[in-house]
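Working notes, structure below.
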Amino acid sequence: MRTKIVAGNWKMNKTLAEAQTLTTELMTLVEAEVTNAAAIVLCVPFPYLPTLQQQLGTNARMKLGAQNCSEHEWGAYTGEVSVPMLSAMHVPYVIIGHSERRQYFGETNALMAKKVDAALKAGLTPIFCCGEPLDVREKGEHETLVREQVEQSLFHLPADAIAKVVIAYEPVWAIGTGKTATARQAQDMHAVIRRLLASRYGQNVADGIPVLYGGSVKADNAKELFSCEDVDGGLVGGASLKAREFTEIIKAIG
Ligand code: PEP
């Protein structure tokens, strides 16, 4: 059985006080209402990690994640945050290769491969994002592009390392747009990713890797998306900023 995961990507939103309020609300709602065993991850802005870590305390249900990391461990890289820094703060997850990093910061598949290596070396779980822009989907080249992204950023890993990675398929045209992929579109691409992993690492390894869907997941579409065979949860942006909505999404795992 693959681990089910619901991860919230808060992006560059909320003051520290607002972040603390949201965390308190979530802790209360999750404790009272969530009965499934899904892992819940809050990917919050870097400066909030220590405070929210303290706030969560020993809460077994919710873990923190960073939204990015440097490929370097230490040194003269002004403005960067390294994985050993995250690891020393006991942050267990890090998003790598979000489409906004690809689009606005020019991050390449090759750079993401180095970030994935850095994360795994420090014992963090990378949530590796892949997904196609609208023009690529319209040309019918989405499978080819996503294959390239996965191959170029992950396929240098040995089987025991890729087994520790979480993949998030996030069609760029569905991120923050209110347009969600249909359950069929999501399942089709997740199955493509699973087959690709199986072709390189064997079915056993492929079957153990969680593949999350991301792109305008909401309380009212989560159930249908999460019921797809190869969809193992979600990476949620906008809807993770509202405690009630995010809780309903977590509950939709079933
Ligand atoms: C995301 O940022 O990863 C995302 C999926 O955003 P949204 O849910 O707002 O589309």
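Considering the range 114-167, the residues that are of a type in the set (A, V, I, L, M) and over 20 Å from residue 199 (Cβ atoms) include one that is surrounded by the most Cβ atoms within 10 Å (Cβ to Cβ), namely 127.
Whether any residue in the range 13-33 is within 16 Å of the ligand (Cβ to nearest atom) and outside any helix (DSSP H, G or I) is what I want to check. Yes. What are the residue pairs meeting all of these: first residue in the range 202-219, first residue within 12 Å of residue 8 (Cα to Cα) and touching a residue at least 60 places away in the same chain (Cβ under 8 Å), second residue within 16 Å of the ligand (Cβ to nearest atom) and small (Gly, Ala, Ser), Cβ atoms under 7 Å, and 6 or more apart or on different chains? Short answer, once both residue conditions are applied: 212/7; 212/168; 212/233; 212/234; 214/168; 214/234; 215/174; 215/181. Taking the range 203-229 only, how many residues are touching a His at 6+ places or on another chain (Cβ under 8 Å) and crowded, with 21+ Cβ neighbours inside 10 Å? Selection size over the range 203-229: 2.
Taken together, the criteria place residue 233 among residues that are in contact with a Leu (Cβ under 6 Å, 6 or more places away or on another chain), within 29 Å of residue 13 (Cβ to Cβ), more than 11 Å from the ligand (Cβ to nearest atom) and modelled with pLDDT of 95 or more.
Residue-by-condition table, conditions (1) basic (Lys, Arg); (2) on the phi > 0 side of the Ramachandran plot; (3) touching a helix residue (DSSP H, G or I) at 6+ places or on another chain (Cβ under 8 Å); (4) at pLDDT 95 or above:
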site: 14; (1), (2), (3), (4): yes, yes, yes, yes
site: 23; (1), (2), (3), (4): no, no, yes, yes
site: 34; (1), (2), (3), (4): no, no, yes, yes
site: 38; (1), (2), (3), (4): no, no, yes, yes
site: 50; (1), (2), (3), (4): no, no, no, yes
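Within the range 1-14, residues that are without any contact (Cβ under 8 Å) to a residue 60 or more places away in the chain reach partners that are in a loop (DSSP other than H, G, I, E, B) with beta carbons closer than 7 Å, at six or more positions or on different chains, in the pairs 12/45. Quick check, is residue 200 among the charged types (D, E, K, R) and surrounded by 15 or more Cβ atoms within 10 Å (Cβ to Cβ)? When the stated conditions are applied, residue 200 passes them. Please indicate, with yes or no, whether at least one residue in the range 94-112 is among the hydroxyl-bearing types (Ser, Thr, Tyr), away from the ligand (no atom under 16 Å from the Cβ) and assigned to a helix (DSSP H, G or I). No - not one qualifying residue is present in the range 94-112. Report yes if some residue within the range 192-207 is under 24 Å from residue 94 (Cβ atoms) and in contact with a Gly (Cβ under 9 Å, 6 or more places away or on another chain); otherwise report no. No, the conditions are met nowhere in the range 192-207.
Scan the range 139-154 and tell me whether some residue there is over 26 Å from residue 238 (Cα atoms) and among the hydrophobic types (A, V, I, L, M, F, W, C). Yes, because at least one residue in the range 139-154 is over 26 Å from residue 238 (Cα atoms) and among the hydrophobic types (A, V, I, L, M, F, W, C).
Candidates are the residues of the range 55-105 that are of a type outside the set (A, V, I, L, M) and in contact (Cβ under 8 Å) with a residue 60 or more places away in the chain; the one that is surrounded by the fewest Cβ atoms within 10 Å (Cβ to Cβ) is 103.
Restricted to helices (runs of 4 or more DSSP H) entirely inside the range 156-229, those with at least 2 residues that are away from the ligand (no atom under 16 Å from the Cβ) are 159-162, 183-201, 203-208. Report yes if residue 150 is away from the ligand (no atom under 15 Å from the Cβ), in a helix (DSSP H, G or I) and within 15 Å of the chain's Cα centre (by Cα), otherwise no. Against the criterion (away from the ligand (no atom under 15 Å from the Cβ), in a helix (DSSP H, G or I) and within 15 Å of the chain's Cα centre (by Cα)), residue 150 qualifies. When the range 149-180 is filtered for residues that are within 22 Å of residue 207 (Cβ to Cβ) and of a type in the set (A, V, I, L, M, F, W, C), the ones remaining, listed by number, are 150, 154, 155, 157, 159, 161, 162, 163, 165, 166, 167, 168. Reported count of residues in the range 67-122, each being within 21 Å of residue 151 (Cβ to Cβ) and among the hydroxyl-bearing types (Ser, Thr, Tyr), is 2.
The values are calculated or read from the model by the stated rules, or taken from the named source; none is laboratory data. Predicted model, so just to flag it, every value in this text is computed and none were measured. Backbone-built Cβ (ideal geometry, glycine too); neighbour counts: all protein chains shown.
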